[in-house]
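Read the structure below first, then the notes.
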Amino acid sequence: MASIQDEEAKKRVQEATWQWTGRVIVLLVTFGFGVFAGYTLWGSGDQGALSLRPLAVSQEATITELKNKRVDLDSKLQVTQQRYDECQKALSKAAAPPTATP
C-alpha cells in the first residue's frame with residue numbers, strides 16, 4: 001500500500017516538474033524571440049541604429065549650436081535691458097522739473 005502511494009506521489013511530482021519545465025521553456029522561447037525581433041527591427045535596416053547614428057551626431061551638434069546661440073542672445077538681451085533701464089532713468093531725470101534752490 002505504501003509503495004502505491006509512493007509511486008503516485010512520485011508520478012505527481014514528475015508531472016508537476018514537466019509542467020513547470022514546459023512553462024519555463026515557453027517563456028524562454030518567447031523572450032528569446034522578442035529579443036531577436038527587437039534586434040532585427042531596431043538594430044538593422046534602413047531605419048536601424050547603424051543608419052541613425054550619423055543623424056544623431058549631426059542633431060547633437062545642431063542642438064549644441066542652438067543652445068550656445070540662445071545663451072549669447074540671452075546675454076545680449078540682458079545687456080540691452082540694462083542699458084534701456086539706464087536710459088529710462090536718465091530720461092526721467094531730464095524730464096523732471098528742476099527744483100528751485102534759494
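The values are calculated or read from the model by the stated rules, or taken from the named source; none is laboratory data. Note that the coordinates shown come from a computational prediction; the quantities given were computed from them, not determined experimentally. Methodologically, a virtual Cβ is constructed for each residue, glycine included, from the backbone with ideal geometry; neighbour enumeration extends over all protein chains shown.
Of everything listed in (1) exposed (fewer than 10 other Cβ atoms within 10 Å of the Cβ); (2) of a type in the set (S, T, N, Q); (3) assigned to a helix (DSSP H, G or I), the single unmet condition for THR99 is (3).
Checking LYS11, LYS93 one by one, the residue that is surrounded by fewer than 10 Cβ atoms within 10 Å (Cβ to Cβ) and of a type outside the set (Asp, Glu) is LYS93 and no other.
Filtered by the rule that a residue be small (Gly, Ala, Ser) and either in contact (Cβ under 8 Å) with a residue 12 or more places away in the chain or in a helix (DSSP H, G or I) (or both), region 23-69 gives GLY32, GLY34, ALA37, GLY38, GLY43, ALA49, SER51, ALA56, SER58, ALA61. Please work out if LEU28 is surrounded by 10 or more Cβ atoms within 10 Å (Cβ to Cβ), at pLDDT below 85 and aliphatic (A, V, I, L, M). No.
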